[in-house]
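Structure first, then comments.
The values are calculated or read from the model by the stated rules, or taken from the named source; none is laboratory data. The structure displayed is predicted, hence computed values, not measured ones. Virtual Cβ from ideal backbone geometry, glycine too; neighbours counted across all protein chains shown. Each accessible area value is taken on the protein alone, full model and side chains, heavy atoms only, with ligands, DNA and RNA left out. Shrake-Rupley method; radii C 1.70, N 1.55, O 1.52, S 1.80 Å.
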Amino acid sequence: MPLEFEIAPGRRIGGDNPCFFIAEIGQNHQGDISIAKQMIRLVKAAGADCAKFQKCEPERKFNKAALVRPYPSRHSWGKTYGEHKQHLEFSHEQFHELKKFAEEEVGIIFSSSGTDQAAADFLLDDLQVPFLKVASADTNNLPFLERAAKKGRPMVISSGMQSMDMMRKVYQTVKPLNPNFVFLQCTSTYPLDPEDVHLRCIPVRTSVLLLYMLL
């Protein structure tokens, strides 16, 4: 990984550049594009540099058994898990609308994680997000990372639930294909108690990966 690189047109990270503040909107819009737009305005007002969403193609990510499984949770938006997921997903046209709204009306960088290959291809090839966010659950999917890295767009790769050995493998997979990536320290606990944040693992990861680079 270079010490600094351009994560979006005109915006560099690393080195002496200011912190890049990504506001995770995810799917907290509840499938309502008007709420999504309101949240984009709010994160801009809060000082965020980027409004980030999540994109999934349920029929490509989940098998049929998972999609038809009853989902009786009080948080459910459908009778089955497939109906629930589909309710929360914006169409490709809606993603284009949101990106245009963020960039042209609000003046904030727009990006998204792609949680399956089809979603990542849409984000990078069609929507043309400036960088791809890789969710912790996909970080050990090395073929997924390889395909995304070959597209040449900057990548932000989360490290939740991943061992140090796995993060070395991720580095080894992505680095020869795309030098413009960064690891994001993530503790996959929701909500996260302050005593479990464990930010001191960041310099440990740095030293281990620097040593690996020299080997």
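Some observations on this one:
- Pairwise Cα inverse-distance average, inverted: Kirkwood Rh of region 37-157 (Å): 15.4 Å
- Spin-label pair Thr80/Val208, simplified geometry with 7 Å Cα→Cβ offset, distance in nm: 4.1 nm
- Taking 0.36 nm per residue of separation and subtracting the Cα-Cα distance, full extension of the segment from Glu97 to Arg200 would add 33.1 nm.
- Taking every alpha-carbon pair under 8 Å whose residues sit at least 6 apart, region 1-118 reaches a relative contact order of 28 percent.
- Accessible-area ranking of Lys85, Lys100, largest first, probe 1.4 Å: Lys100, Lys85
- Relative contact order [Cα under 8 Å, 6+ residues apart], region 151-191, whole percent: 61 percent
- Average projection area in nm² (convex hull over Cα atoms of the chain, one quarter of hull surface): 12.8 nm²
- The slack between Met161 and Glu24, meaning 0.36 nm per residue of separation minus the straight C-alpha distance, is 47.5 nm.
- Nearest-10 value in Å² for the accessible area of His96, using the 1.4 Å probe: 70 Å²
- Sequence-distant lysines (8 or more away, or on other chains) whose Cα lies within less than 17 Å of Lys37: Lys52, Lys55, Lys99, Lys100
- GNM flexibility winner over the chain from Ser76, Ser112, Ser159 (Cα, springs under 10 Å): Ser76
- Gaussian network model of the chain, Cα within-10 Å springs - most flexible of Val68, Val106, Val129: Val68
- Taking Ala51, Ala23, Ala66 as the candidate residues, the one with maximal mean-square fluctuation in a Gaussian network model of the chain, Cα springs under 10 Å, is Ala66.
- Taking Met39, Met161 and ordering them by how much accessible surface each has at a 1.4 Å probe, largest first, produces Met161, Met39.
- Relative contact order (percent, whole number), region 158-215, Cα cutoff 8 Å, 6+ residue spacing: 42 percent
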